[in-house]
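No lab work stands behind these numbers, since they all come straight from the coordinates. These numbers come from a predicted model, not from an experiment. Positions of Cβ are backbone-derived with ideal geometry, glycine not excepted, and every protein chain shown enters the neighbour counts.
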Amino acid sequence: MPLLINLRDLDDAQPLRLAGELPAADLELDQLDELIHFTRPVTYDLTVEKLEENLLVRGRVEWVLDCECSRCLQPFADEHEFPDWACHLPLQGEERVPVINDQVDLTSTLREDILLEFPQHPLCRPECGGLHKRPGGKQKVKPTPPDGGTIQADGKASAWDALDNLKF
């Protein structure tokens, strides 16, 4: 169910309070990143005021992302909140919001702000060291050529290594 504001409820110039949960499926954010899963509902507590020909929406928005660490692939929960979220929605002019059956849908505006908060590389903790080594496994050491140059990925010495040996 989308987050709708009924304009008829705002006609008496009193602020309207909206509180509840918005299902994650309504925001359609689950398939955007393979490491971030948006499955839990968004909790909101908002106040809507009509200011002349505009709507002012303010309040608190909270949600939890189920993530996998981009370094170690361990699952973790990433909590987010907008403690003082606000948006201004014009009802007139070029940038007016669509009004359908005297209702304004706030879902797309909230979706955009939540999407901007998605982590680019989710980490379970800042100091995460990545995948753990297998017990008893040996770490591969790259051999170095006798002249101290470097070895390419195909195992051959680089032709440019001879330049390191030049003395001017």
- Query: Under a point-charge model restricted to the Cβ atoms of Lys and Arg (+1) and Asp and Glu (-1), what is the dipole moment magnitude of the stretch 1-109 relative to its Cα centre, in debye to the nearest 20?
  - Reply: 160
- Task: Tell me the label-point distance for the pair HIS132, LEU32, using the 7 Å Cα-to-Cβ offset, in nm and rounded to one decimal.
- Result: 3.3
- Task: Please arrange THR47, THR39 by counting, for each residue, the other beta carbons lying within 10 Å of its beta carbon, fewest first.
- Result: THR39, THR47
- Item | GluC sites (Glu not before Pro) restricted to the stretch 81-119 and DSSP loop, no more than 15 other C-beta within 10 Å | GLU94, GLU95, GLU117
